[in-house]
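Step one of this worksheet: look at the structure below.
The values are calculated or read from the model by the stated rules, or taken from the named source; none is laboratory data. Since the model is a prediction, treat every value here as computed from it, not as a measurement. Please note: Cβ atoms are built from the backbone with ideal geometry, for glycine as well, and neighbour counts cover all protein chains shown.
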Amino acid sequence: MSRFLQTIGSAWAWLGIAVVIILWFPTMVLMYLVTVPFDKGRYIIGWWFRRLGVAMAKVNPYWRFRRTGLRVADPRRPYVVVSNHESFADILLISHLPFEMKWLSKVEILGIPLIGWMMRMAGDIPIKRGFGPSAVEAMERCRASLRNRVSVIFFPEGTRSVDGNMLPFKDGAFRLAIEAGVPILPLAVAGTRTALPKHDWRFNPARAVVEVLPPIETAGLTLDDLPQLKERVRATIQVARDALRAQLT
């Protein structure tokens, strides 16, 4: 594909995404007003907001996304969902899963007109990087979400790697799961790494898949078990991710 055609095609895709976001906003406002009085965990409006991610992916002619793996029988059983991280497109890919989960996001993103406002309505959780009290508050909001029978999702690598190899996992998601006594639900993501290159607005053709892996129970574990749990989850995701990458080549 020539650079010129990629530029024109990407501009057209971004226009389509912008139109979808603008059209989605009033439906979010209406659903917020109708559901929030009785839906304490904001499950319904959050689920509807994730459908925006599906729509944004579908209007992009460069992307073909799909989901596979375990079917979650009870969408209201709370999990700490843990995924590897390859690109911004991971968010839209994971939105294809048919159950709701709350996302942690940089507070600056939640201030962006329309998309950030919808994230706040959906109950996503702001965090200010490098500011300790913000992290404490974010984790408490994660606990509140779990108590309201809504899952939360983490990218425990913290950022995507430069070379595509998985980075070490941070402790936060696993500490939360152990303290709250809820299972870890691992996700493996593959195919998104080049879908939207870092520091470039142009899209690349991408076939990507997210696989839901079997839950890993934390009942009976203590914080002494955290390092072993963390490495077990990381190894599980890496094996699945490598298999998905082989299928996509």
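So which residues in region 63-113 are within 9 Å of the chain's Cα centre (by Cα) and of a type in the set (D, E, K, R), if there are any at all?
Answer for region 63-113, where residues must be within 9 Å of the chain's Cα centre (by Cα) and of a type in the set (D, E, K, R): Asp90, Lys102.
Mind telling me which of the residues Ile45, Ile17, Ile22, Ile91 ends up being under 30 Å from Glu231 (Cα atoms), assigned to a helix (DSSP H, G or I) and in contact (Cβ under 8 Å) with a residue 12 or more places away in the chain? Full working, then the answer.
Values: Ile45 fails: under 30 Å from Glu231 (Cα atoms); Ile17 fails: under 30 Å from Glu231 (Cα atoms); Ile22 fails: under 30 Å from Glu231 (Cα atoms).
Result of the check over Ile45, Ile17, Ile22, Ile91: Ile91.
In this structure, does Glu179 turn out to be out of contact with any Pro (no Cβ under 8 Å at 6 or more places or on another chain), closer than 14 Å to Ser83 by Cβ, at pLDDT 95 or above and not hydroxyl-bearing (Ser, Thr, Tyr)?
It is false that Glu179 is out of contact with any Pro (no Cβ under 8 Å at 6 or more places or on another chain), closer than 14 Å to Ser83 by Cβ, at pLDDT 95 or above and not hydroxyl-bearing (Ser, Thr, Tyr).
Working only within region 206-244, note down all residues that are surrounded by 17 or more Cβ atoms within 10 Å (Cβ to Cβ) and either at pLDDT below 95 or not hydrophobic (A, V, I, L, M, F, W, C) (or both).
Ala206, Glu211, Pro215, Thr218, Lys230, Arg234, Thr236, Arg241
Given the criteria assigned to a helix (DSSP H, G or I), farther than 21 Å from Pro183 by Cβ and in contact (Cβ under 8 Å) with a residue 24 or more places away in the chain, does Met119 qualify? Lay out the reasoning, then the answer.
Numbers: assigned to a helix (DSSP H, G or I): yes; farther than 21 Å from Pro183 by Cβ: yes; in contact (Cβ under 8 Å) with a residue 24 or more places away in the chain: yes.
The answer is yes for Met119.
When you look at Trp103, is it under 15 Å from Leu187 (Cα atoms), surrounded by 17 or more Cβ atoms within 10 Å (Cβ to Cβ), out of contact with any His (no Cβ under 7 Å at 6 or more places or on another chain) and among the aromatic types (Phe, Trp, Tyr), yes or no?
Yes.
Is it fair to say Thr27 is surrounded by fewer than 16 Cβ atoms within 10 Å (Cβ to Cβ), at pLDDT 95 or above and closer than 20 Å to Leu187 by Cβ?
No; evaluated as a whole, the condition is false for this residue.
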